Amino acid sequence: MEIIRRLPAKSVARFLLVSKSWANLITNRDFIKSFETRSCSSQPRLLVCFIGRTKPCQRQYCYFFFSSSSSSTTFLSRVKCPREDPECFPCLPHYANGLMRLGYGEKKLICNPSTGKSIALPKVKNIMSVSKSLFGYDTVNDEYKILCMTKKSPDGIKPHSRYEYQVLTLGADEQSSWRTIECSIPHRYCCNAYVCIDGVVYFVAKTGADLCLMKFDLRYEKWDLLTRLSSDMSRLGEDCTLINYEGKVAITTTNTSGDTFNVWVIDQAAREPGWLKKSFSIESWKFLSKLSIYGSTHTGEFILAPRYYSHDFSVILYNPNTNGLRKIKVDVKGSDEFKHGRRMRTMVFSEYFQSIRLL
């Protein structure tokens, strides 16, 4: 087992076919956790995902690459997107503890970028349409959960009462069906962004006329309205991103010129939770343009990258304390498919590690 623990996740996945006893050992929860711990390091661990088609009339795929400041780019896997949306892009993937959620509407799947393995999720029951779904990891019970808000009645009287909330626990005995849960706080999701920190999913929602930060505890499956958004945060667009910044929830946006980044970090130490604003400009770095913040490293560096793939693609790590930056080039030259790339959407995830879950 010590030898297997030192091998890449793809190799370990193939060993499931050796025998039943090997499969039982590899899928053991203790071995899975030890394998994940082994793959962690002090260097930034970036999972870069390109979403789109490389040839006309081809199905869309997610291409996963691993990159860090101390090693070259490594191609991990290619996963077929379950469905295309009307704007030619699938719902953006969401990452949680080694696994990724893909898809939108009724068709969703969970995949492991390390191995390329995936499973389709069962359809949500009793729905007219799926509004939003959130994916997170419960650190206490070592469980993955998907929270889905569905529309159960047409728009009309009592707009908040027309939503129904369902939860799916990945890998549980009851996985074949969704469980309906109650929500005592009328709200609806805003923006296509959320973040999971220590078993709690945070997202922006609208309650009445106000925008607020909501949280959903995956372990207890309880809702809470954490705090309202300040007045200068009221114009959140689709470029709004929720990130984990030094263990705290942060909301990031850019101004219209695209060279100044605003980051609001929640201040939970205050009597009433509020927001601390951080701003920085990249105006002096003319070689950088049209970047978005995708997260932060464990050392507090912001992760910036273009929203779409280009032939010279790099991820920027910006240190707000020293006003310094460093580039990590993501090289995909080894993949011939990218020579014919067609406006591929980009996502970057921090603190990635190899996992053998979902084998």
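See the values below:
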{"item": "Of residues in the range 4-63 being within 26 Å of VAL315 (Cβ to Cβ) and in a helix (DSSP H, G or I), the one modelled with the lowest pLDDT", "result": "ARG38"}
{"item": "Residues of the range 192-228 satisfying the condition of being at pLDDT below 85 and under 26 Å from SER350 (Cα atoms)", "result": "ASN192, ALA193"}
{"item": "Within the range 245-310, strands (runs of 3 or more DSSP E) holding 2 or more residues that are among the acidic types (Asp, Glu) and either at pLDDT 75 or above or more than 17 Å from VAL195 (Cβ to Cβ) (or both)", "result": "none"}
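The values are calculated or read from the model by the stated rules, or taken from the named source; none is laboratory data. It should be emphasised that the depicted structure is a prediction, and the values quoted were computed from it without experimental measurement. We place every Cβ from the backbone using ideal geometry, glycine too, and count neighbours over all the protein chains shown.
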